[in-house]
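Remarks on the structure that follows.
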Amino acid sequence: MIRLARFTMFVTGDCTLNCPYCSQARLRRRLAGYQMSLAEVRHFIHRCRQLGVRYKRLQPSGGEPTLWKHLEPALKLLEASGIAERLYMVTNGTRPKEIHDTIKYFHQVRVSLYPHNVEQAADLARRYPDKIEVWDDAHRRVPSKPLVGVLPSDCGCDWHSLAAGRVYSCPQALDLALRLGLDPDGEDLSCSVDDDFPRHFQRRQPSRYVQPICAMCLANRNVWDRQAGSRTPAAGAELSESIPRRKRITWAVGLTTAPRSRPTLHRTLASLRQAGWREVEIFDDRLKTGAWANWIAGLGRLIQDSPAADYYLMCQDDVVFCRGLRRHLEATLPKLPRPEKAALYSPYCIRRFKGKRWHVVRAEAGRRPGLVHPGGSLTGALCYALPGRAAKALIADRSGLKTEKNVDAHIGIWAHKTGRDVWYHSPSLAQHIGCGISTLGHREDPDKANRRADDFIGEDRQP
Ligand code: SF4
Ligand code: SF4
């Protein structure tokens, strides 16, 4: 299975607007009147399955994608196919009914702001605060001719696109080739959807960022910087004060795994998805470096890949979660006291507490036997959500931590020494499903059989 970052499907060339700065103007002209058929969608899905490709993010685009007459049935097909982890759309917001009708399929919809859609954008943002992002950033004009000294491009996009049966090397390739009078069907820029398109472009990767088209592309940050004087203020931006903007909480999720006699990884991944996380980085300890070494290296990798994430969720491969856990954490964690002193939040808890749902535990208090031991060792590193600041501090301090201890012991001792709080949720929002199953290559933990939360609310319940 090849897992690729993104893919754009140009489903129509039509648009309800005709913006003077439109970066897809040539493409829109070429695809004027075009409507991608459901047969084309099915064929694309079939090809992805044949080639073993899965995308992190798949995006119908245009033109204006809500003008696509097959939008809803196609989204149904794409969702059911499993070829993409998330569906995403950018729209000019001029057709709010189509957005309402299809929002359930999307992970996120970005609505560009114009003077005439401020009310609709505000209404959408209020109704779907988790899904609608209103975009009022400035537009820039595509240069009219290639700029000198901007290649190789500072782009690195790993993002192909489909238009009328051909797959293009990136979403800008077709439009920019047409602007420059190049042949967009040339093999550096495109191939048939019936070709082995992921590998076709992988083979050409080194030459990809020195294409003449890259010298006009706004995705090339070198071009973007040079275009500083050509900003067109976002239409409607000055009218947008009334639109609610919720800061999206961002996550990076890692899962540590090792060979087991009875694998539970797939069940954990399915449960994570139901809990609200679709993108997961898997850290497989086939080399038997040990649970702690794998865990801390995995966390370091997450930080490296997503340095600005608000939270880092590190899970093991034998845990299931309640439905909608992500939403619950996003609603409750920012309200807990002393966020700057939080080491971690554990939705999994083997003890039952009375009263408030989130409880802080500290080693000195000794009031939580079974969860925190003298010296700070914790119990149960099945799933820890670490705030960004704490995760980075832990990585910086890790050299002082001895390697023979378990993950929970290490982190508990570190939290205790650095005066950080450890939070558990009761009732438990996660359950251990690997009890009593040996992890091959890892030392069997004699306490494992007892490590089940007796008040887990269940996989099909919301907190
Ligand atoms: S709304 Fe978007 S696609 Fe349509 S003309 Fe404007 S920039 Fe181009
Ligand atoms: S810089 Fe080049 S490779 Fe990157 S998006 Fe633009 S045209 Fe495509």
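What follows draws every value from the coordinates through simple rules; no lab data is involved. Note that this is a predicted model, so its numbers are computed, not measured. Note that each Cβ is placed from the backbone with ideal geometry, even for glycine, and that neighbours are counted across all protein chains shown.
Give, in nm to one decimal, the length gained when the segment between Asp397 and Arg352 is fully stretched (0.36 nm per residue of separation minus the Cα-Cα distance).
13.0 nm
What is the stretch 2-242 by shape, rounded, prolate or oblate, if you read a ≥ b ≥ c off the alpha carbon gyration tensor as root eigenvalues and call it rounded for a/c under 1.5, prolate for a/b larger than b/c, and oblate otherwise? Oblate, because a/c is 1.5 or more while a/b does not exceed b/c. Each of the peptides 100-106, 69-75, 313-319 was scored by the mean count of other Cβ atoms within 10 Å over its residues; in descending order, highest first, they stand as 313-319, 69-75, 100-106. Taking the empirical scaling 2.2 N^0.38 Å for compact globular proteins as reference, the stretch 1-141 has a Cα radius of gyration ratio of 1.05.
Partners of Lys69 within straight-line reach, counting aspartates and glutamates whose Cα lies under 15 Å from its Cα and excluding those fewer than 8 residues away in the same chain: Asp14, Glu40, Glu98, Asp101. Its Cα centre serving as origin, the chain has a Cβ charge dipole (Lys and Arg +1, Asp and Glu -1) of approximately 940 debye.
Annotation: aspartates and glutamates with alpha-carbon distance below 19 angstrom to Lys417 (same-chain offsets under eight excluded): Glu340, Glu364, Asp397, Glu404, Asp408. Each residue, Asp455 and Lys104, gets one label point 7 Å from its Cα in the Cβ direction; the gap between the two is 3.4 nm.
Spatial offset of the stretch 68-98 relative to the stretch 1-24 amounts to 13 Å, using the alpha carbon center of each. When each of the peptides 322-331, 299-308 is scored by the mean number of other C-beta atoms lying within 10 Å of its residues, the order from highest to lowest reads 322-331, 299-308.
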